[in-house]
Amino acid sequence: LPRCRACAGAYFPPSPVCPHCTSRDIEWFTASGGATLYSYVIHQRPSRLWKADGPMSVALVALAEGPMVLSTVVGCPQTPDGLVLDMALRATFIPFDEAMVLAFEPAVAS
């Protein structure tokens, strides 16, 4: 993730200018991979590129470092009972078409 050296704020998406203080003194660091589920919707018919058989979440995830990212939660039921707001998540990567993309899974096995 990018982080501002002037105000220490981490942010996403990347930009050469800090959105917190407008400094251009930016560095990159390795995120912890920890996160929490902030919000989601359940997409009943995901794109064929996901190669998913059933519903798939579209999730707004709060990274432990502060920024929020739009992703998906895997490794749990794609239902309101399985996708609990504020649940602890950890980063993982899953295939999407011919690439690997960032996704999240429950930090504690459900």
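The values are calculated or read from the model by the stated rules, or taken from the named source; none is laboratory data. This one's a predicted model, so the numbers in the text were calculated from it and none came from an experiment. All Cβ positions, glycine included, derive from the backbone under ideal geometry; neighbour counts span all protein chains shown. Surface accessibility is based on the protein's heavy atoms, side chains included, excluding ligands, DNA and RNA. Shrake-Rupley method; radii C 1.70, N 1.55, O 1.52, S 1.80 Å.
Among Ala99, Ala52, Ala91, the largest mean-square fluctuation in a Gaussian network model of the chain, built with springs joining Cα atoms closer than 10 Å, belongs to Ala99. Computed about its Cα centre, the charge dipole of the stretch 16-110 is approximately 200 debye, with only Lys, Arg, Asp and Glu carrying charge at their Cβ. Given R0 = 41 Å, the distance between the Cβ atoms of Ser23 and Ala52 translates into a calculated FRET efficiency of 0.50. Accessible surface of Asp81, taken over heavy atoms with a 1.4 Å probe and every protein chain present, rounds to 140 Å². For the chain, relative contact order (Cα pairs under 8 Å, six or more residues apart, normalised by length) works out to 21 percent.
P(r) tail, the chain: Cα-Cα pairs separated by more than 20 Å, 45% of all pairs. Looking at the stretch 15-108, the trypsin sites (Lys or Arg not before Pro) that sit in a DSSP loop and have at most 16 other Cβ atoms within 10 Å of their own Cβ are Arg24, Lys51. Applying the criteria of a DSSP loop state and at most 14 other Cβ atoms within 10 Å to the chymotrypsin sites (Phe, Trp or Tyr not before Pro) of the stretch 20-93 yields Phe29. A probe of 1.4 angstrom, applied to the heavy atoms of all protein chains, finds Ser15 with accessible area near 50 square angstrom. Charge tally around Val73: other residues with Cβ under 14 Å, Lys/Arg +1 each, Asp/Glu -1 each, net -2. Among Ser15, Leu70, Phe93, flag the residue with its Cα farthest along the positive direction of the charge dipole of the chain, charges on Cβ as +1 for Lys/Arg and -1 for Asp/Glu. Checking the options against the dipole of the chain, the answer is Ser15. Summing charges over neighbours of Lys51, with a neighbour being any other residue whose Cβ is under 14 Å away from its Cβ, gives -1 when K and R count +1 and D and E count -1. For the stretch 81-95 and the stretch 14-34, compute the distance between their C-alpha centroids and round to whole Å. The stretch 81-95 and the stretch 14-34 have Cα centres separated by 24 Å.
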